[in-house]
1. From the list A:114, A:47, A:40, A:25, pick out the single residue that is part of a helix (DSSP H, G or I), closer than 28 Å to residue A:211 by Cα and at pLDDT 95 or above.
2. Somewhere in segment A:219-230, is a residue away from chain B (no Cβ under 13 Å), closer than 22 Å to residue A:164 by Cβ and touching a helix residue (DSSP H, G or I) at 6+ places or on another chain (Cβ under 8 Å)?
3. Against the definition (away from every other protein chain (no Cβ under 14 Å) and out of contact with any strand residue (DSSP E or B) (no Cβ under 8 Å at 6 or more places or on another chain)), how does residue A:176 come out, yes or no?
4. Looking at (1) surrounded by fewer than 22 Cβ atoms within 10 Å (Cβ to Cβ); (2) over 24 Å from residue B:167 (Cβ atoms); (3) at pLDDT 90 or above, which is the one condition that is false for residue B:14?
5. Determine which single condition residue A:90 fails, assuming it passes every other condition in (1) modelled with pLDDT of 90 or more; (2) more than 25 Å from residue A:196 (Cβ to Cβ).
6. Could you tell me whether residue A:74 is farther than 30 Å from residue A:2 by Cα and crowded, with 21+ Cβ neighbours inside 10 Å?
7. Can you run down the residue pairs with Cβ atoms below 8 Å, 6 or more apart or on separate chains, where the first is in segment A:65-90 and closer than 18 Å to residue B:206 by Cα and more than 9 Å from chain B (Cβ to nearest Cβ) and the partner is modelled with pLDDT of 95 or more and surrounded by fewer than 20 Cβ atoms within 10 Å (Cβ to Cβ)?
8. Has segment A:42-63 got at least one residue that is away from chain B (no Cβ under 14 Å) and in contact with a strand residue (DSSP E or B) (Cβ under 7 Å, 6 or more places away or on another chain)?
């Protein structure tokens, strides 16, 4: 029994049906961690992107080094670092928060590149035209660059959302009860890993296919030329 | 314990990580070509097997795949009367290789499709068979296009090897965990661990750049 649901071990099919609600509880945690991690990645990535494009070399280079370092080290090790080292300096976060933070930090390195590429893809002629029309730097950015960068940024971000979802099981090592951890516990108790782990695989396939389809729909519905100007 | 005493066990673990990375990247590379070409096949059976492989391994989490191979596969084997218990090393290399191979297959497919149609038409005009066209004309030109993505995937694979520590394989992360359990000196060990992974990734990136430059010569072939 887990989360108040009994399992039925009479045959594999009954077993699969009886543990499905338990796995769905785990799936809900997976989705929460994905969304929270994605949010952190979006915000931190933007910060890194702004720092990397700074005029001053003393700001831009460290930001680039940090991005490279985050990108080149495993999520698992970053998670261990946050989970075991932060408390030594008095920062004690719940496992779920630590996990979401680790996901966000790992993916901020990737999202910062998406922001940068999206903004750079807006042609130089656009900026020059805005300047010729006497728009201020701030207005050029918010009304000319951002509306054209958004259709390029959103699909790429969507792909990273799916990647984050696939990295959530790593959080099981710090006792977060997401879907894989739940399946592992069921396996530990029933000595049957085949059904729960296969079911998790199928559920993952469904989640990623749905999420990818959503991203594709978003991609086709975004105006390629940029958001309409007000 | 002084931090320098950690270095010997960590280096032993790093060597396991290097071996895992090399073996699984090679396996992944082979799978990438087999299924990337397979996805473009006109044979429906080959095509659907390739698409199925790519979707399953790209659509699920690596850790799920690893656990499935290590914990669930032996039970599946028992049900049909075959001993499918894999040693951790085999399960690890297999999971990493299958996973990275699926991502690589999409890269191979994209690169092959990016080769200009003129090249195929010219090959046909010169009476090349489809097989000769693929292996002597299209793939040599596609490989330089694949290299930057392969470089990224190799680094991705190196990072993913950390997960095999969860099936009790004595890689770098596993050794670090052992030392931490013994000394409780989290800050030093995890900082060293991060730096060692970073160092290995930088070396791997440099190696992949050299290979990329070497493969870049094919871009000029015949021109």
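The values are calculated or read from the model by the stated rules, or taken from the named source; none is laboratory data. What you see is a predicted model, and the numbers here were worked out from it, not measured in a lab. Cβ: placed from backbone, ideal geometry, glycine included. Neighbour counts: every protein chain shown.
1. Values: A:114 fails: at pLDDT 95 or above; A:47 fails: at pLDDT 95 or above; A:25 fails: at pLDDT 95 or above.
Residue meeting the stated conditions: A:40.
2. Taking segment A:219-230 first, the residues away from chain B (no Cβ under 13 Å) are A:219-230.
Going one step further and asking which of them are closer than 22 Å to residue A:164 by Cβ, we end up with A:219, A:222.
From what's left, touching a helix residue (DSSP H, G or I) at 6+ places or on another chain (Cβ under 8 Å): A:219, A:222.
Among the residues of segment A:219-230, at least one is away from chain B (no Cβ under 13 Å), closer than 22 Å to residue A:164 by Cβ and touching a helix residue (DSSP H, G or I) at 6+ places or on another chain (Cβ under 8 Å), which makes the answer yes.
3. On the way: away from every other protein chain (no Cβ under 14 Å): no; out of contact with any strand residue (DSSP E or B) (no Cβ under 8 Å at 6 or more places or on another chain): yes.
Spelling it out, it is not the case that residue A:176 is away from every other protein chain (no Cβ under 14 Å) and out of contact with any strand residue (DSSP E or B) (no Cβ under 8 Å at 6 or more places or on another chain).
4. All conditions are met except number (2).
5. It fails just one condition, (1).
6. yes
7. Here the result reads none, with nothing in segment A:65-90 linked to a residue that is modelled with pLDDT of 95 or more and surrounded by fewer than 20 Cβ atoms within 10 Å (Cβ to Cβ).
8. no
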